[in-house]
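Here is the structure we will look at.
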Amino acid sequence: MMKINKIREMSSPDLEKELGELKTELFKLKFSLATNGLDNPMKIKEVKKDIAKINTVLTERKIVEAKA
């Protein structure tokens, strides 16, 4: 699980890249859960939370840019 401080330190392009990777990982986790089960089903929840954190930071940055 990523820390919010670490996410805030990353640049927007890096966050976009990380977001794509997490979405791919989430798809793979869901797929393996459906086909043969997962060792740790909580991993899906962690990945979803990381995606939400990144989306939150990106939205905050867009709001700041719009105000400037």
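None of the figures in this text is laboratory data; all of them are computed from the coordinates on show. Remember, it's a predicted structure, so these values are computed and weren't measured experimentally. So basically every Cβ, Gly included, is an ideal-geometry build from the backbone, and we count neighbours across all protein chains shown.
Some notes on this structure:
- Options ALA66, SER32, VAL47, ranked by Cα towards positive dipole end of the range 18-68, top entry (Cβ charges): ALA66
- Principal-axis analysis of the Cα atoms of the chain puts helix 12-36 at an angle of about 20° to the longest axis.
- Aspartates and glutamates whose Cα lies under 13 Å from that of LYS3, excluding same-chain neighbours fewer than 8 positions away: GLU46, ASP50
- Taking Cα atoms only, the orientation of helix 42-67 departs from the longest principal axis of the chain by about 20 degrees.
- Dimensionless Rg/Rh of the chain - Kirkwood Rh, Rg from C-alpha atoms: 1.08
- Within the range 1-38, backbone nitrogen closer than 12 Å to the virtual label 7 Å beyond the Cα of GLU46 toward Cβ: 1-3
- Segment LYS67-GLU9, extension gain: residue separation times 0.36 nm, minus the distance between their alpha carbons: 18.8 nm
- The chain, dipole about Cα centre (Lys/Arg Cβ +1, Asp/Glu Cβ -1), debye to the nearest 20: 220 debye
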